[in-house]
Structure formats: structure tokens, C-alpha cells
Amino acid sequence: MMKEVELLQLCTLVPTVDYRMTPQEALKLFNEHELHEFLVVVKDGKPVGWVKKKDVRLALYRQELLVGDLTRPLTNIRNLKTTVDNMSGLFDFFNLQKDPLIVVSKNGSYMGVLFYHVLLNYVCMHREAEASLFQKLRNFFGQAYYLYVFFLKGKKTFREAYGTVKEEGLYKILYEDIKDSIVGDVALVKDEGEVYALSKEKLQRDKIKEIIENFHKEFSLLYADAKPVYVQGYLIPLDTVKNYEELFRIASDTKDKLRGVDASFFVIHGLQPSVIMCEYKTKELILKIKEQITEDFKRILERINREDRELWEYVLYDFFKEYPYFELFYIMNERGVQISNNVINPRISYRIKAGKKGADRSEKSYFKQAMKDGTYISDIYISQATDDFCITLSARFQHKDKTYVLAGDINYREIHQLVKSYTKASL
């Protein structure tokens, strides 16, 4: 007889917050439960959805708002006992974003939260055909192994145009490209729509880029008239991972960052996460966009150099009107010490960590390269200020016989908008 499992056994008990609380009161709860990025919202003892920490922070100064106004709905499912085979039907309850499910009792009371990755892991661990890689994974936490995860962005539009069979064909292409390039265990998990590879080898950036570009070439050859389907993914070094919960948290955070990116992106986790980006037709435009923003940056420098040092922060603030795609500026002296606060674009709605005078930037590439070469423009990376993708421009300049470096950050999504506007202007 096949073993049954109660759904509650797979749940995570996320703390609750009352629907009628103010954002200030909710933030205190988040501070008490600092490991949680969201809380379950209850009204009259029954769960009605979830509220995220970032939404509460943004609403702190809106006196008229309550937690109920910030609540996002989640699907409720009743706690039950079922077999592993029957659990596959639960995947249909998850939306496209794979938001969690709230598990409730017979009378609708809150019992816990069921995460997509937890359910997937449990099912995969009990399916012989797809379980071998996951069974091995447990044994390699804390060791010098690497987990690669690849998936496709834009597959829904492709499926609607060409059908499910051809979508499965795309995954076979991606699977074969990865299998040919990575030495180790490679598995295609259809329920998740992801290709996993477990390996002792950490591929060079060029090799990962080659996997993505090979898929681009094959896709373009087979479906020349189709809208692009992008390859996205991430690499997690397992030597810093202790358990599945930590692994799934890294995976979930990375997917959240990738959700709004319509391009082929691959994130390499480590002490300083880095990003590999590949473009289809707009690839050559990136160089033109970099030239454009570099010229804009030169004009900013010329203006700064004409002003007294005491006015630099005020002048930089004014530049956001003319160059709105910058998210922040700051200035360093010749030793790499920040001599200005972060000057932040006022129209930005997302949270930026405040960088203050006195911070030591001397070991940062944008400082060292600007001091050496005069100007520098970085590859795309994950910003410590915003925890999102960005590029940094920096340039050395002289002012009254002293040397300084100006740095400016641009969120990648702004770059993507620049690419789109440049494309339209060129047509």
C-alpha cells in the first residue's frame, strides 16, 4: 500500500499579522521575525493573503493605510492526506509566479504555508526517474560542488503560438546543450520546467555564455519568426549551503530578481554575485547604449568640475531631471574614501541602502579602474545598495589640484528601456 502524507507535514509555519494593523505595527512584527520576508494576513481569525516586508516599508509614511490595504491574495487549500502520486495535482494550484499556498483546517483556520519548491522537492525525492540528482544533492551540502539551474523565459507565449510538443522540444535542446558542456549529473525536471546540473567543475563565464548562445542560435534557426525565448538561470556553490531550506531560499530570491528581466541572464552566486547577459537582436545595441551613457557622464563631470566642492551633492541631484536613468551618484577622493553621501534619484520607488561619507571604496573595481584608466564602465552585477542588477560608471577628474572619482549606478531595467527607446528611434 502506497504511503500517505499529511499536507501539514510539508508546511512552513509563517507568522501572522492582523488585517487591521498599521504598517508601523506590522514592521515591528517583521523585526521580531527577521528571517521572514512576508507574513500571513488574517482577518477575524481566517487567512486572507500575505503582506511583504518591502510593501510595509514603502507604506510607513502613509498614515491612512492598514495592512489590509497592502495584502496580496493567496490561494487557500484544505489540509489533507494524500499519496505522492496524487500530489502532482497540487502543482495546478500554484500561479505563474509560483506564489505559496496557504493551508487551512476544515473550519478555515490557518495551519501553514506550502512553498512550491518544498512540494517539488518532496515529490522529486520520491520519484525514481527524477530523484537521482536530488538524492545526491543532500550529500554534497558543504562540499566543493556546484549546482547549475537553467530555465526558459517567454515559454508561455511560445507555447501559445507553437504548442506544447514544440515547447518540450526547446527544453530538449537546452538539456542537450547543458549535457554536452557540464561534466556531472544533468536532469530535466518537467514539472518545474528546469534543467539541473550537479558538478565538481565551476565553468568559466565564457563557457556558460556559450551554452546560452548555442541555444539562441538553434532557436533562431528553428523559429526565425518567433518572439525570443530567453535562457535564465543561476549557479550556487554548495560549499556554503547547509540544507535544502537555504538552497531554496537562494533559488527563490534569485528568481524574484529575474522576474522582471526580459533577456538571457545567468547569476553566479558567491562572495560577490556576478551576472552573465546574452542578447538576441539587441546585443549590438548594448555597445551603442554604453557609448551614449558614457557621453552623458562626461557632461556631468564637466559641470561638476565647474562648481565648488560644497555644492557637488546639490548639483548631482539636479542631474536626475536630465538623466533620469541614473539611480544614484557619489564621489570618492584619491584614496577611495567616499566624500559625499549617496545622492539618490527621487523618483525611485524601490529601497536603496544609504551610502554615507567615510565609506572605504578603495578596493572596488570602479574606483581602481577609474584611477588607472580615467573612465570605467562595469559589467552587470548585483548592487549592494539595491540588491538588484545594475551597472556602474566611474571617472577620474581633477579639481583644484586634487583627484576625485565620480561614480553613478544605473539599474539594468533602465538600460533595457534605453535599448528599447534606441531601437524605436532607429526604425
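Checking Thr12, Thr16 one by one, the residue that is open to solvent by 20 Å² or more (accessible area, probe 1.4 Å), β-branched (Val, Ile, Thr), out of contact with any Ser or Thr (no Cβ under 7 Å at 6 or more places or on another chain) and farther than 19 Å from Phe93 by Cβ is Thr16 and no other. From the list Leu152, Leu188, the one residue that fits, being closer than 25 Å to Asp99 by Cα, at pLDDT below 90, open to solvent by less than 50 Å² (accessible area, probe 1.4 Å) and of a type outside the set (Gly, Ala, Ser), is Leu188.
Answer yes or no: is there a residue in the range 357-372 that is small (Gly, Ala, Ser), more than 17 Å from Glu313 (Cα to Cα) and open to solvent by 10 Å² or more (accessible area, probe 1.4 Å). Yes: one or more hits. Selection of the range 372-386 for residues being in contact (Cβ under 8 Å) with a residue 60 or more places away in the chain and in contact with an Asp or Glu (Cβ under 9 Å, 6 or more places away or on another chain) yields only Ile382.
Is there a residue being surrounded by 13 or more Cβ atoms within 10 Å (Cβ to Cβ), among the aliphatic types (A, V, I, L, M) and under 19 Å from Ser109 (Cα atoms) anywhere in the range 68-75?
Restricting attention to the range 68-75, the residues satisfying the condition of being surrounded by 13 or more Cβ atoms within 10 Å (Cβ to Cβ) are 68-72, 74-75.
This time we only want the ones that are among the aliphatic types (A, V, I, L, M), so: 70, 74.
Filter once more, keeping what is under 19 Å from Ser109 (Cα atoms): 74.
Checked the range 68-75: at least one residue is surrounded by 13 or more Cβ atoms within 10 Å (Cβ to Cβ), among the aliphatic types (A, V, I, L, M) and under 19 Å from Ser109 (Cα atoms).
Screening Glu160 on (1) modelled with pLDDT of 90 or more; (2) under 25 Å from the mean Cα position of the chain (by Cα); (3) in a helix (DSSP H, G or I); (4) among the acidic types (Asp, Glu) shows it passes everything except condition (2). Within the set Lys179, Lys166, the sole residue that is open to solvent by 70 Å² or more (accessible area, probe 1.4 Å), part of a helix (DSSP H, G or I) and modelled with pLDDT of 90 or more turns out to be Lys179.
Residues being of a type outside the set (Lys, Arg) and touching a residue at least 60 places away in the same chain (Cβ under 8 Å): count how many of those fall in the range 161-217. Explain how you work it out, then say what you get.
Filtering the range 161-217 for residues of a type outside the set (Lys, Arg) gives 161-165, 167-171, 173-178, 180-189, 191-199, 201, 203-204, 206, 208, 210-216.
If we keep only those that are touching a residue at least 60 places away in the same chain (Cβ under 8 Å) too, we end up with 161-162, 189, 191-192, 196, 198, 208, 211-213, 216.
Residues in the range 161-217 being of a type outside the set (Lys, Arg) and touching a residue at least 60 places away in the same chain (Cβ under 8 Å): 12 in total.
Of Phe91, Phe30, which residue is touching a Lys or Arg at 6+ places or on another chain (Cβ under 8 Å) and either part of a loop (DSSP other than H, G, I, E, B) or surrounded by 14 or more Cβ atoms within 10 Å (Cβ to Cβ) (or both)? Don't jump to the end; show me each part of the working.
Working: Phe91 fails: touching a Lys or Arg at 6+ places or on another chain (Cβ under 8 Å).
After ruling out the rest, the residue left standing is Phe30.
The values are calculated or read from the model by the stated rules, or taken from the named source; none is laboratory data. Computed from a predicted model, the values in this text were never measured in an experiment. No Cβ is skipped: glycine too gets one built from the backbone with ideal geometry, and neighbour counts run over all protein chains shown. Accessible surface is based on the protein model in full, side chains and every heavy atom, while ligands, DNA and RNA are left aside. Shrake-Rupley method; radii C 1.70, N 1.55, O 1.52, S 1.80 Å.
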